[in-house]
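Scroll down for the structure; my scribbles are underneath it.
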Amino acid sequence: MDILSIIGFLVSIGALLLGNLLEGGVISSLINGPAIIIVFGGTLGATLLQFPPAIFIRSVEMFLWVFKPTKIDLETQIDQIVKWSNISRKRGLLVLENSIDQDLDPFIQKSLQLLVDGNEPDVIVDILELEISVKESRDYQAARLYEAMGGYAPTVGIIGAVMGLIHVMGNLGEPALLGKGIATAFVATIYGVASANLIFLPIANKLKSHIYFENQAREMIAIGIAAIANNENPVNIKLKLDGYLHPKTRIK
């Protein structure tokens with residue numbers, strides 16, 4: 001569980017509500033049905049128009065990463081690669097075939113299969129880097145969906161504000177209706193700007209950071225498998241892969 005995402009969301013929304021209360025406002029003044037429909041409905045519609053179904057579905061799947069990211073244990077993976085290296089040097093590459101079905105990660109399964117099949121290190125790296133690149137591109141497109149929502153929301157909020165003012169101008173002769181129109185105008189602007197800067201853009205950047213770390217982990221696996229195929233010393237392989245660890249977690 002990513003506790004910082006939860007804290008960040010609560011702090012940002014709480015700051016808005018607390019600031020509103022300190023200024024003498026009430027929470028109910030920030031709740032406006034027409035503004036919600038205009039801003040969030042318009043933002044969603046524009047986003048659906050921009051992205052294909054596959055990217056939209058992927059972005060929905062990745063949303064969970066914001067609060068529960070995929071666990072990546074680089075130290076354990078390095079130890080596993082070194083273990084495979086020791087086994088291959090002592091008993092041969094074919095022995096690693098038994099390890100393929102034991103790992104649930106399709107990328108690792110594919111990496112081991114390429115290794116067991118006796119491919120050259122360069123071939124293994126080329127194939128795996130292509131898969132890494134394609135997945136990275138697809139995931140970044142999914143993250144950009146939230147970035148796009150962060151771009152549309154303020155503009156749609158302004159549209160909602162203009163619509164509210166139009167409603168006000170059309171009811172100048174009925175003072176009882178003016179307050180409702182003005183409220184919609186200003187609240188729509190708040191919804192647009194706040195949702196973009198406190199929700200959509202932070203989500204996009206959080207997902208991009210997770211994509212980066214996942215790609216680093218896969219790149220590390222590709223380099224480790226290629227090193228095994230090149231029959232490198234297990235100690236050297238470990239020293240090489242330790243470069244992917246954070247300095248504080250790097251094994252000395």
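The values are calculated or read from the model by the stated rules, or taken from the named source; none is laboratory data. Just so we're clear, the structure is a prediction, and the values are computed from it rather than from any experiment. Methodologically, a virtual Cβ is constructed for each residue, glycine included, from the backbone with ideal geometry; neighbour enumeration extends over all protein chains shown.
Output the residues belonging to the stretch 108-128 that are without any contact (Cβ under 8 Å) to a residue 24 or more places away in the chain and of a type in the set (S, T, N, Q). Q109, Q113 - these are the residues of the stretch 108-128 that are without any contact (Cβ under 8 Å) to a residue 24 or more places away in the chain and of a type in the set (S, T, N, Q). Can you find a residue in the stretch 25-37 that is part of a helix (DSSP H, G or I), within 30 Å of P69 (Cα to Cα) and not β-branched (V, I, T)? No; the residues of the stretch 25-37 include none that is part of a helix (DSSP H, G or I), within 30 Å of P69 (Cα to Cα) and not β-branched (V, I, T).
The rows are residues; the columns are (1) hydrophobic (A, V, I, L, M, F, W, C); (2) exposed (fewer than 14 other Cβ atoms within 10 Å of the Cβ); (3) modelled with pLDDT of 90 or more; (4) within 17 Å of T189 (Cα to Cα).
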{"position": "I6", "(1), (2), (3), (4)": "yes, yes, no, no"}
{"position": "A15", "(1), (2), (3), (4)": "yes, yes, no, no"}
{"position": "E23", "(1), (2), (3), (4)": "no, yes, no, no"}
{"position": "A35", "(1), (2), (3), (4)": "yes, no, no, yes"}
{"position": "I55", "(1), (2), (3), (4)": "yes, no, yes, no"}
{"position": "K68", "(1), (2), (3), (4)": "no, yes, no, no"}
{"position": "I72", "(1), (2), (3), (4)": "yes, no, no, no"}
{"position": "Q77", "(1), (2), (3), (4)": "no, no, yes, no"}
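For I211, the conditions (1) farther than 19 Å from R138 by Cα; (2) in contact (Cβ under 8 Å) with a residue 40 or more places away in the chain all hold with the exception of (1). Within the stretch 59-108, the set of residues being among the hydroxyl-bearing types (S, T, Y) and assigned to a helix (DSSP H, G or I) comprises S59, T76, S85, S88, S99.
The residue pairs whose first member lies in the stretch 47-72 and is closer than 22 Å to A153 by Cβ, whose second member is of a type in the set (G, A, S), and whose beta carbons are closer than 6 Å, counting only pairs six or more residues apart or on different chains, are T47/A148; Q50/A148; I55/A142; R58/A142; S59/A142; M62/A142; V66/S5; F67/S5.
The residues on offer are V168, V156, and the sole one that is without any contact (Cβ under 8 Å) to a residue 60 or more places away in the chain and either closer than 24 Å to S59 by Cβ or among the β-branched types (V, I, T) (or both) is V168. Looking only at residues in the stretch 124-136 that are surrounded by 13 or more Cβ atoms within 10 Å (Cβ to Cβ), over 11 Å from I225 (Cα atoms) and aliphatic (A, V, I, L, M), the one that is nearest to the chain's Cα centre (by Cα) is I132. For the stretch 57-66, the candidate set comprises residues that are buried (at least 18 other Cβ atoms within 10 Å of the Cβ) and of a type in the set (A, V, I, L, M); within that set, the residue that is nearest to V116 (Cα to Cα) is M62. Note on the stretch 223-246: residues that are under 16 Å from T76 (Cβ atoms) and not in a helix (DSSP H, G or I) amount to 2.
Out of the residues in the stretch 83-112 that are buried (at least 18 other Cβ atoms within 10 Å of the Cβ) and of a type in the set (A, V, I, L, M), state the one that is nearest to N215 (Cα to Cα). Out of the qualifying residues, it is I108.
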